[in-house]
Amino acid sequence: MKGSYDFKQIEQRRQKKWFGNREFEVSERSDKPKYYALEMLPYPSGRLHMGHVRNYSLGDAVARYKWMRGFNVIHPIGWDAFGLPAENAAIKHNCHPEKWTLDNIAYMKAQCVRLGISYDWSREITTCLPNYYRWNQWFFLRMYERGLAYRKKGTVNWCPMCQTVLANEQVENGRCWRDDSEIETRELEQWYFRITDYAEELLHDLEQLKSWPEKVLIMQRNWIGKSEGARVQFPVKGREPIEIFTTRLDTIYGATFLVLAPEHPRVNEVISAHPDRERAMEQIRRYRAQQKIREGSEAEKVGLFSGSYATNPFTRERVPIWIANFVLMEYGTGAIMAVPAHDERDYDFARIYGLEIRQVIERLDGSDTDLPYCEYGRLVRSGEFTGLESTAALQKMHSWIKEQGIGEATISYRLKDWGISRQRYWGTPIPVVYCDVCGIVPVADDQLPVELPHVATIKLGASPLATVGEFVNTSCPRCGRPARRETDTMDTFVDSSWYFYRYCDPNNSHMPFDPEKVKYWFPVEQYIGGVEHAILHLIYMRFFTKVMRDLGLVSWDEPVLSLFTQGMVTKDGAKMAKSKGNVVDPDQFVELFGADTVRLFILFAAPPEKDLDWSESGVEGCFRFLNRIWRLFSRYETHITRLCDTVEVRSEEDKKILHKLHQMLHRVGADMGRFHMNTAIAAIMEFLNSLADYDHTVEKNWPLLGEIFAKMALVLSPFAPHFCEEIWERLGNRGNISFQPWPEADPIWVAEERIEIVVQVNGRVRGKFLVPAGIDEEGCTRLALQDQRIRSYLEGKTIHKMIYVPARLLNIVAA
């Protein structure tokens, strides 16, 4: 071991042992308590980036720590392998997306192995392979049977760059979540999952997620967007009434106009009264294409008068119908009654276009009211409801609209059904056919999977599968007549909505998974991933779990107990991106400094929930830290190769270093339990400084040094496992270091405040010790008997009695 720290040789040797011997594979056959450690599965984009390294290093530290705490840990990995980037890359590089994807997976898998991540590779899944996506199709069919999967024509978000539909959750401020291009709206026939059937449950069950970040819970709560209010019909002369949704029916006497979202299905009808219909429709198309203005946005509110009118059912007055960009089809009915005196957005819009502002709510104390006044108060100029407070008025008004047959109290959700159709090739085929006689016919289970055909050339535009005649043209499963297959593919978020269940039973060819195996491993104790998935994957996976429960596959409501969202890795304060030229290649630094150094830095440099700014000098500092340990151990290796069963305390220096050791063990154990990896590593670094001071002592206590290096290797091993297992093995130990018991701190040595105790043997003073204040007789005796001098006075004698005077004296009676 003499010489420099040869990380390449050490890491290659450890990896060959770990993965060659399949040491991280686990089964349900264990008498240990189980623990499910999970990181969000990666998209095989080509290379791991530093964000991946941070995510997987965090997960690996958790998994290794839990093994050492005595758990049977499942720590799996897979590949979210379908999706637009593979298809776009295939078009760009003139290769098939399957080859591009599988080549990337092979490379990224080798990177994971080189980092020493403790994955159970026997559970690896790849979502683009038929043995996985057949179960996407199976879930689709079960949902179709229950009315949870359906097809309808509707307004959809269209990304012109991706040339496909996006779900509402994939549109961020009117732009594509993937490429930031501006979203258009189109009318298309689409398949949907009826996630709205679970809206209330998705909202209510957030209360179960006690160990999820509050920011994620708030984002989900806002996205589900529960609003208690009323639907009210406003009559339109000669046509069907327009139904609006409002949470403030008490203000309806102040409703001076209606506003429809540009995507509202009645727009074409009401605009027919406009004197210049073509110009008006062009303006509406611009509204549809522009960035959607969300609540609280400062963007300009614009609109146009349709030329049509409705009637306020309470005042019986005629009110104009407008179309404006600040009303969203996703909210309520996509139509609102505008009450500018009592709503800020309506007020701003009315001021711009000179529309009537009529106050119908005043403060309860009658004081002057600045408009817009948006709080509850007392109704004025509100017919028979005048004088009522808002709460009482709402109850009476809700009853009135129900009696009149023009509406009812209801609950509305911002959450809309999940549109899963994608007009792209690289995704799961939707397992239905269209028959001119039978209509929509699901494919039978025994015909699954409907496999994705090989396509030589992929072009943007219509669904590429539509060009593959041998795929499209089929026979009806019901009547046998000619039929056509669905040519859209599923949103790839379907793949990632249940993958963590498949890890529990990855090779099952009869069902998605064995419920008994899943019952053993679930719920997931720790899930680690980015907060950017808060209203995408993290809602969809909760929805899928509830559907599985209703299918009888699982018995729980929520799949994940604890969620941790790590921060980004930045460079010079900016998000890493190829376009900025600031991407850091993990391979480069693993080659220069080793996997353990890279892992150590990325866990040490910042609290894991915060953004981490990449620093080469910081990496070099972590490399120096490992080298310092290596040099110290190298100097002592021949003396401490074998550990002793007992360690004697021979000097004050021994006591000081034991005190520091156990304080470090206490800090690291506490920090690991709180996910404070950075401060846990800092505690070990501080202890190394104390060990360097101890190195200067003349008389070395070799058994004590052996214990120190062993325990330091154990607590450092979740962060730098190759390095630590090498030291562990050279100390004379065998076996995977991650499967050794976690070293516990001795409370006696942890305590800060210390007092002096006199130790006597048969009444004669034989030593004085500094011990923790409050130490009991058992602890004091244990410390005394560890001391070499005291033990020498007891050689050949039998201890008959202990006399202990708290905080003063211990007398050992022996003969």
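Of the residues making up the range 638-679, those that are assigned to a helix (DSSP H, G or I), open to solvent by less than 20 Å² (accessible area, probe 1.4 Å) and farther than 25 Å from Phe769 by Cα number 5.
Answer with yes or no whether Ser555 is hydroxyl-bearing (Ser, Thr, Tyr) and out of contact with any helix residue (DSSP H, G or I) (no Cβ under 7 Å at 6 or more places or on another chain). If you could, list the steps in order and put the result at the bottom.
Details: hydroxyl-bearing (Ser, Thr, Tyr): yes; out of contact with any helix residue (DSSP H, G or I) (no Cβ under 7 Å at 6 or more places or on another chain): no.
No; evaluated as a whole, the condition is false for this residue.
Is there a residue being buried (at least 16 other Cβ atoms within 10 Å of the Cβ), closer than 27 Å to Gln137 by Cβ and modelled with pLDDT under 95 anywhere in the range 195-209? Within the range 195-209 (the criterion being buried (at least 16 other Cβ atoms within 10 Å of the Cβ), closer than 27 Å to Gln137 by Cβ and modelled with pLDDT under 95), the answer is no, since none of the residues qualifies.
Screening Pro772 with (1) within 21 Å of Gly669 (Cβ to Cβ); (2) surrounded by 13 or more Cβ atoms within 10 Å (Cβ to Cβ); (3) out of contact with any strand residue (DSSP E or B) (no Cβ under 9 Å at 6 or more places or on another chain) gives one miss only, at (3). Here Trp135 fulfils each of the conditions (1) within 26 Å of the chain's Cα centre (by Cα); (2) among the aromatic types (Phe, Trp, Tyr); (3) part of a strand (DSSP E or B) apart from (3).
Within the range 569-611, the set of residues being more than 28 Å from Ala713 (Cβ to Cβ), touching a residue at least 60 places away in the same chain (Cβ under 8 Å) and touching a strand residue (DSSP E or B) at 6+ places or on another chain (Cβ under 9 Å) comprises Met576, Val583, Val584. Do the conditions hold for Ala37, that is, is it open to solvent by less than 10 Å² (accessible area, probe 1.4 Å) and over 21 Å from the mean Cα position of the chain (by Cα)? No. On inspection, Met219 qualifies as in a helix (DSSP H, G or I), in contact (Cβ under 8 Å) with a residue 12 or more places away in the chain and within 28 Å of Ser45 (Cα to Cα).
Do the conditions hold for Val443, that is, is it modelled with pLDDT under 95 and touching a Pro at 6+ places or on another chain (Cβ under 7 Å)? Judged against the criteria, Val443 is not a match.
If a residue has to be assigned to a helix (DSSP H, G or I) and over 25 Å from Leu448 (Cα atoms) to count, how many in the range 504-536 make the cut?
6
Residues in the range 707-734 that are outside any helix (DSSP H, G or I) and within 21 Å of Ser57 (Cα to Cα): how many? Residues meeting the conditions: 4.
Just checking, does the range 265-282 include any residue being in contact with a helix residue (DSSP H, G or I) (Cβ under 9 Å, 6 or more places away or on another chain), assigned to a helix (DSSP H, G or I), open to solvent by 30 Å² or more (accessible area, probe 1.4 Å) and of a type in the set (S, T, N, Q)? Walk me through it before giving the result.
From the range 265-282, those in contact with a helix residue (DSSP H, G or I) (Cβ under 9 Å, 6 or more places away or on another chain) are 267-268, 271, 274, 277, 280-281; that's our starting set.
Then drop every residue that is not assigned to a helix (DSSP H, G or I), which leaves 267-268, 271, 277, 280-281.
Add one more test, that the residue is open to solvent by 30 Å² or more (accessible area, probe 1.4 Å), and what stays is 268, 277.
When the remaining residues are screened for being of a type in the set (S, T, N, Q), the result is 268.
Scanning the range 265-282 turns up at least one residue that is in contact with a helix residue (DSSP H, G or I) (Cβ under 9 Å, 6 or more places away or on another chain), assigned to a helix (DSSP H, G or I), open to solvent by 30 Å² or more (accessible area, probe 1.4 Å) and of a type in the set (S, T, N, Q).
Kindly provide the set of residues from the range 1-23 that are open to solvent by less than 90 Å² (accessible area, probe 1.4 Å), outside any helix (DSSP H, G or I) and more than 17 Å from Asp596 (Cβ to Cβ), ordered by number. Hits for the range 1-23 are Gly3, Glu23.
Considered as a group, the residues in the range 429-447 that are in contact (Cβ under 8 Å) with a residue 60 or more places away in the chain, part of a strand (DSSP E or B) and among the β-branched types (Val, Ile, Thr) include one that is surrounded by the fewest Cβ atoms within 10 Å (Cβ to Cβ), and that residue is Ile440. Per the conditions (1) free of Cβ contacts under 8 Å to residues at least 60 places away in the same chain; (2) under 26 Å from Ile528 (Cα atoms), the sole criterion not satisfied by Arg239 is (2).
Filter the range 62-118 down to residues that are open to solvent by 10 Å² or more (accessible area, probe 1.4 Å) and part of a loop (DSSP other than H, G, I, E, B) and give me whichever is nearest to Trp426 (Cα to Cα). By that ranking, first place goes to His96.
Just one of (1) open to solvent by 60 Å² or more (accessible area, probe 1.4 Å); (2) farther than 25 Å from Ala456 by Cβ; (3) not in a helix (DSSP H, G or I) fails for Met161. It is (2).
Is it true that Trp426 is within 30 Å of Tyr36 (Cβ to Cβ), open to solvent by 10 Å² or more (accessible area, probe 1.4 Å) and either modelled with pLDDT under 95 or under 32 Å from the mean Cα position of the chain (by Cα) (or both)? Against the criterion (within 30 Å of Tyr36 (Cβ to Cβ), open to solvent by 10 Å² or more (accessible area, probe 1.4 Å) and either modelled with pLDDT under 95 or under 32 Å from the mean Cα position of the chain (by Cα) (or both)), Trp426 qualifies. Given the structure, is Val26 aliphatic (A, V, I, L, M) and either open to solvent by 20 Å² or more (accessible area, probe 1.4 Å) or part of a helix (DSSP H, G or I) (or both)? Yes, satisfied.
Residues in the range 680-695 that are of a type outside the set (D, E, K, R) and either surrounded by fewer than 15 Cβ atoms within 10 Å (Cβ to Cβ) or not in a helix (DSSP H, G or I) (or both): Asn689, Ala692.
Might you let me know whether the range 448-456 holds any residue that is closer than 19 Å to Arg142 by Cβ, open to solvent by less than 20 Å² (accessible area, probe 1.4 Å), touching a Lys or Arg at 6+ places or on another chain (Cβ under 6 Å) and touching a residue at least 60 places away in the same chain (Cβ under 8 Å)?
Filtering the range 448-456 for residues closer than 19 Å to Arg142 by Cβ gives 448-450.
Restricting the remaining residues to those that are open to solvent by less than 20 Å² (accessible area, probe 1.4 Å) gives 448, 450.
When the remaining residues are screened for being touching a Lys or Arg at 6+ places or on another chain (Cβ under 6 Å), the result is 448.
If we keep only those that are touching a residue at least 60 places away in the same chain (Cβ under 8 Å) too, we end up with 448.
Among the residues of the range 448-456, at least one is closer than 19 Å to Arg142 by Cβ, open to solvent by less than 20 Å² (accessible area, probe 1.4 Å), touching a Lys or Arg at 6+ places or on another chain (Cβ under 6 Å) and touching a residue at least 60 places away in the same chain (Cβ under 8 Å), which makes the answer yes.
Scanning the range 585-613 for residues being assigned to a loop (DSSP other than H, G, I, E, B) and buried (at least 17 other Cβ atoms within 10 Å of the Cβ) gives a total of 4.
If I filter the range 26-39 for residues that are of a type in the set (Lys, Arg) and at pLDDT below 95, do I get at least one hit?
Initial filter on the range 26-39 (of a type in the set (Lys, Arg)): 29, 32, 34.
Next cut, at pLDDT below 95 only: 29.
Within the range 26-39, one or more residues are of a type in the set (Lys, Arg) and at pLDDT below 95.
Among the conditions (1) in contact with a helix residue (DSSP H, G or I) (Cβ under 6 Å, 6 or more places away or on another chain); (2) assigned to a helix (DSSP H, G or I); (3) over 17 Å from Gln137 (Cα atoms), the only one that Met541 does not satisfy is (3).
Within the range 194-216, work out how many residues are of a type outside the set (Asp, Glu), assigned to a helix (DSSP H, G or I) and closer than 14 Å to Val531 by Cβ.
From the range 194-216, those of a type outside the set (Asp, Glu) are 194-196, 198-199, 202-204, 206, 208-213, 215-216; that's our starting set.
Those left that are additionally assigned to a helix (DSSP H, G or I): 195-196, 198-199, 202-204, 206, 208, 215-216.
From what is left, the residues that are closer than 14 Å to Val531 by Cβ are 215-216.
Of the residues in that region, 2 qualify.
Scanning the range 304-319 for residues that are open to solvent by less than 20 Å² (accessible area, probe 1.4 Å), within 23 Å of Gln283 (Cβ to Cβ) and either in contact with a Phe, Trp or Tyr (Cβ under 8 Å, 6 or more places away or on another chain) or at pLDDT below 95 (or both) yields Leu304, Ser306, Ala310, Val319. Looking at the range 525-541, is at least one residue in contact with a Gly (Cβ under 8 Å, 6 or more places away or on another chain), of a type in the set (Val, Ile, Thr) and open to solvent by less than 40 Å² (accessible area, probe 1.4 Å)? Scanning the range 525-541 turns up at least one residue that is in contact with a Gly (Cβ under 8 Å, 6 or more places away or on another chain), of a type in the set (Val, Ile, Thr) and open to solvent by less than 40 Å² (accessible area, probe 1.4 Å).
The values are calculated or read from the model by the stated rules, or taken from the named source; none is laboratory data. Not measured: the values here are computed from a predicted model. We place every Cβ from the backbone using ideal geometry, glycine too, and count neighbours over all the protein chains shown. When the accessible area is computed, the model is the full protein with side chains, heavy atoms only, and any ligands, DNA or RNA have been set aside. Shrake-Rupley method; radii C 1.70, N 1.55, O 1.52, S 1.80 Å.
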